[in-house]
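The values are calculated or read from the model by the stated rules, or taken from the named source; none is laboratory data. None of these values were measured; they are calculated from a predicted model. Note: ideal-geometry Cβ built from the backbone for every residue, glycine included; neighbour counts use all protein chains shown. Note: areas computed on protein heavy atoms with side chains; ligands, DNA, RNA excluded. Shrake-Rupley method; radii C 1.70, N 1.55, O 1.52, S 1.80 Å.
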Amino acid sequence: MERRRLLQYGFLAAATSFISRSLPARTAKSTGPVVISTWDAGVEANKGAWEVLSRAGTALDAVEKGVMVTEASQNCCVGLGGNPDREGIVTLDACIMDHRFNCGGVMFLERIKHPVSVARRVMEKTPHVYLAGAGAQQFAVSEGFPLEPQVLSEPARKQYKEWLKKSHYAPAVNRENTENRPGAGGVFDHDTIAMLALDAYGDLSGSCTTSGMGFKMRGRVGDSPIIGSGLYVDNAVGACAATGQGEDIIRVAGAASVVEYMRAGYAPAPACRKVIERLARIKGDKARDIQVAFIAMDRYGTVGAYALQKGFTYAVKSEEKEVLLSADSWFS
Ligand code: SD4
């Protein structure tokens, strides 16, 4: 999609967000089912979610099925196809949250194709919120998830080999959407998808799944599986999910902070902006070295997003539209 069109859509989204701020509480009508997700891969993921939403399925089912599309995709490195840690092993983080504050997550999980589904089982079948590492894998296997072979995808193998030459950990801004990704003929560096949905019953849910920052230290966990950082849902207010440098998203309790701004009356996009602004202040000169972006949806289905750096895209699907938008950013 050409940039001008993207920006036009971005403007419309921002305008809609602004208008929603003046709606009186509890008298505004929900816009009906809608789904929003991060980066270009969100377009395909939203289709998966829409199969559920368009048949009056729940937002919880939609956000699980939606990101499973990306986890399973050969064309994207979210999930087992993703970049490994510095030891050459892919470790996965994911979480899910519904409209009743139920939530579950897995972190440092190996050899399981659909961590988001394991996160959901943790939420539904255990007394806990998180399972990590070997324990998470043991639980997944006991729930019938097959153990996949521990092999790197071809693009990840190439990237890892290249990385080993210098063995220097330096996450690049917007590497999720580089022209190097598969389909563009080269190696990829994508690792995360986050999704929020509102269903026909007016309920919100969210999910987030990642292989985490490529070439991270072994055992490193980012924001993506952490409720309140990578994802937060409060059905009475709205939902938010994050992508980008996990350490910095955690520092500002990203997703929960955005939801708190929405509770205080901010529309989704301005709420995201407030937390990006806070992060930019905290990081000072170093803010230019990282990317952090939020997507948000209020309880009526109004969506918005905001990023630290330009280049962050997000996908939205509803009955009326299916678009890939370019978020406004702190730095131009
Ligand atoms: C992490 N937040 O592991 C993830 C990475 C990410 O786009 O979102 N990249 O820190």
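Of note:
- Rg/Rh, computed from the Cα trace of segment 223-304 with Rh as the Kirkwood radius, has the value 0.96.
- Entries in LYS286/LYS317; LYS65/LYS317; LYS166/LYS216 that, when Cα-Cα distance is taken, lie over 23 Å: LYS286/LYS317
- Equivalent-ellipsoid semi-axes of segment 33-326, from the Cα gyration tensor, Å, largest first: 26, 22, 18
- Net charge in the neighbourhood of LYS47 (other residues with Cβ under 15 Å of its Cβ; Lys, Arg +1, Asp, Glu -1) is -4.
- Label-point separation, ARG86 to HIS128 (7 Å along Cα→Cβ), nm: 2.7
- Per atom type, segment 33-326 shows carbon and sulfur on 50% of its accessible surface, probed at 1.4 Å.
- PHE331, PHE294, ranked by accessible area, largest first (probe 1.4 Å): PHE331, PHE294
- Using the average count of surrounding beta-carbon atoms within 10 Å as a protection proxy, the listed peptides 255-262, 273-280 rank, highest first, as 255-262, 273-280.
- Rolling a 1.4 Å probe over the protein chains gives TRP50 an accessible area of about 30 Å².
- Rounded to 5, percent antiparallel among DSSP beta bridges of segment 32-171: 60
- Straight-line reach from LYS310: taking Cα to Cα under 16 Å and skipping same-chain neighbours fewer than 8 places apart, the aspartates and glutamates in range are GLU2, ASP40, GLU176, GLU179, GLU277, ASP289, ASP328.
- Heavy-atom surface of segment 33-326, accessible at 1.4 Å and reported per residue (Å²): 37
- Using a Förster distance of 30 Å, the FRET efficiency for GLU162-ALA200 (Cβ separation, nearest 0.05): 0.05
- Proximal aspartates and glutamates relative to LYS125, as straight alpha-carbon distance under 17 Å, when same-chain residues fewer than 8 apart are discounted: ASP61, GLU64, ASP98, GLU143
- Ligands, DNA and RNA excluded, the heavy atoms of ASP40 present near 50 Å² of accessible surface to a 1.4 Å solvent probe.
- Largest to smallest in accessible area, the residues TYR314, TYR300 fall in the order TYR300, TYR314 (1.4 Å probe, all protein chains included).
- Taking a Cβ cut-off of under 15 Å around ARG120, the surrounding Lys, Arg, Asp and Glu residues balance to a net charge of -2, with basic ones at +1 and acidic ones at -1.
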